[in-house]
Amino acid sequence: MFGSWRSLRAAGVAALVLFAGALTASAQSFVLDLPRESPAATVTQRIGLTDMEVTYSRPLVKGRKIWGALVPYDQVWRAGANHNTTLMVSDAFTFAGQAVAAGTYGVHMIPGKDTWTVILSKESGVWGSYTYDQKEDAVRVTVKPIEAPMHEALEYSFEEIKENGATLTLAWEKLAVPVPIGLDANAITKAKVERQLRDLPKWTWESWNDAANWALSTKVYNEDALKWADESIKLEERFDNLDTKAQVLTAMGKPAEAQAVMAKALPKANTLQRHQYARRLLNEKKVDEALAIFRDNVKKSPDTWYVYGGLARGLSAKGDYKTAAAQMAEALKRAPADVKPQLQGMLERLQKGEDINS
């Protein structure tokens with residue numbers, strides 16, 4: 001008897017569970033995907049190797065008074081519509097000068113007549129600002145709003161893009177709220193390059209050479225650039241990485257060592273590499289060195305049009321416009337159709353006694 005009762009009870013519970021599940025599924029089936037009055041939007045920006053993304057909803061003005069009315073002063077606002085706005089930054093950053101860890105943050109604002117408080121909350125998944133809790137703040141900063149052209153729909157944008165940051169700007173109605181975001185882009189990139197060089201790129205000379213060239217370009221990490229250039233050369237000695245090493249040594253104030261490396265590099269260079277190196281020497285006002293390489297290139301590759309153009313540039317730098325014009329004419333004869341107009345213009349300048357390098 002008791003066994004039968006227990007069986008009936010279990011069957012009843014199971015039926016209730018199934019019925020509740022059916023009701024839930026039925027209710028969910030009536031939740032439609034329909035247009036919202038404040039459509040969702042996303043804006044992204046990459047600076048260096050750091051990704052930034054703002055996700056928000058875009059309410060419209062619709063002729064309403066916004067500031068101090070629809071959006072009250074001195075009250076926490078979701079900085080958009082629907083769910084709170086979020087800001088994701090993939091690396092550590094500064095927000096109006098305040099240090100913030102990488103991550104995704106809820107964005108809330110407290111509008112004021114003269115200044116605004118902009119808040120990044122550690123809680124990024126709430127509806128509006130109804131459950132906002134100041135104890136969850138990652139950072140809050142004070143900024144000044146500025147006048148702006150009319151924006152019917154609320155809009156976020158990344159502006160004033162620089163190597164080390166950008167300005168995140170909220171614009172709605174005739175008001176804009178800019179907040180500067182800063183990054184230590186060089187340090188971030190260096191750390192990520194070092195991690196990459198522990199993976200598959202470790203085994204290619206190109207990766208180490210690219211890393212060395214990047215480090216050289218920063219004018220900060222010359223020691224790393226030299227180390228990475230040497231690693232590239234160990235894997236495969238080429239004109240490219242020897243040239244990189246020579247440039248690093250020059251930047252480090254070691255011209256004699258740089259010259260010795262280039263003496264080793266030049267025999268490995270192809271025609272275009274010799275041409276580009278001579279152009280670089282010309283830009284550095286090392287005219288005689290450049291001219292020697294231009295002349296050698298003509299001897300080694302007499303059927304290549306640009307070697308004559310290079311020699312014309314070298315001769316022009318020496319002030320020998322007549323001979324330079326003759327070399328440019330040779331380049332013009334051999335050049336593809338799409339570059340002939342440019343060469344013709346340089347030939348005419350040489351015929352007038354003008355330096356084509358200026």
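Table for the structure above
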quantity: Region 295-312 residues that are open to solvent by 60 Å² or more (accessible area, probe 1.4 Å), paired with ones that are assigned to a loop (DSSP other than H, G, I, E, B) (beta carbon under 6 Å, 6 or more apart); calculated: Trp305/Ala335
quantity: Number of positions in region 152-200 that are open to solvent by 40 Å² or more (accessible area, probe 1.4 Å) and either within 16 Å of Met109 (Cα to Cα) or not in a helix (DSSP H, G or I) (or both); calculated: 14
quantity: Filter result for Pro267 (under 17 Å from Phe239 (Cβ atoms) and in contact with a helix residue (DSSP H, G or I) (Cβ under 9 Å, 6 or more places away or on another chain)); calculated: yes
quantity: Selection count where residues are of a type outside the set (S, T, N, Q) and at pLDDT 95 or above, scope region 80-91; calculated: 4
quantity: Near pairs, Cβ below 8 angstrom, 6+ apart or cross-chain, from region 331-350 (in contact (Cβ under 8 Å) with a residue 12 or more places away in the chain and closer than 17 Å to Leu311 by Cα) to any residue that is open to solvent by 80 Å² or more (accessible area, probe 1.4 Å) and among the acidic types (Asp, Glu); calculated: Arg334/Asp303
quantity: Answer residue from region 318-344, given it is within 40 Å of the chain's Cα centre (by Cα) and within 19 Å of Arg279 (Cα to Cα) and is surrounded by the fewest Cβ atoms within 10 Å (Cβ to Cβ) among those; calculated: Gln342
quantity: Residues of region 70-91 satisfying the condition of being open to solvent by less than 10 Å² (accessible area, probe 1.4 Å), assigned to a strand (DSSP E or B) and under 30 Å from Ile188 (Cβ atoms); calculated: Thr85, Leu87, Val89
quantity: Failed item, numbered, when Ala269 is tested on (1) surrounded by fewer than 20 Cβ atoms within 10 Å (Cβ to Cβ); (2) more than 21 Å from Leu343 (Cα to Cα); calculated: (1)
quantity: Options Leu315, Leu350; residue that is open to solvent by less than 70 Å² (accessible area, probe 1.4 Å) and either part of a loop (DSSP other than H, G, I, E, B) or closer than 18 Å to Glu284 by Cα (or both); calculated: Leu315
quantity: Residues of region 211-253 that turn out to be part of a loop (DSSP other than H, G, I, E, B) and open to solvent by 50 Å² or more (accessible area, probe 1.4 Å), as a count; calculated: 6
quantity: Residue count, region 135-151 (criterion: open to solvent by 70 Å² or more (accessible area, probe 1.4 Å) and aliphatic (A, V, I, L, M)); calculated: 2
quantity: Matching residues in region 50-68 - criterion: being of a type outside the set (Lys, Arg), open to solvent by 50 Å² or more (accessible area, probe 1.4 Å) and not in a strand (DSSP E or B); calculated: Gly63
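The values are calculated or read from the model by the stated rules, or taken from the named source; none is laboratory data. On a predicted model such as this, the values are computed, not experimentally measured, just so you know. Here the Cβ is made from the backbone with ideal geometry for all residues, glycine too, and neighbour counts use every protein chain on show. Surface areas here come from the heavy atoms of the whole protein model, side chains and all, with no ligands, DNA or RNA. Shrake-Rupley method; radii C 1.70, N 1.55, O 1.52, S 1.80 Å.
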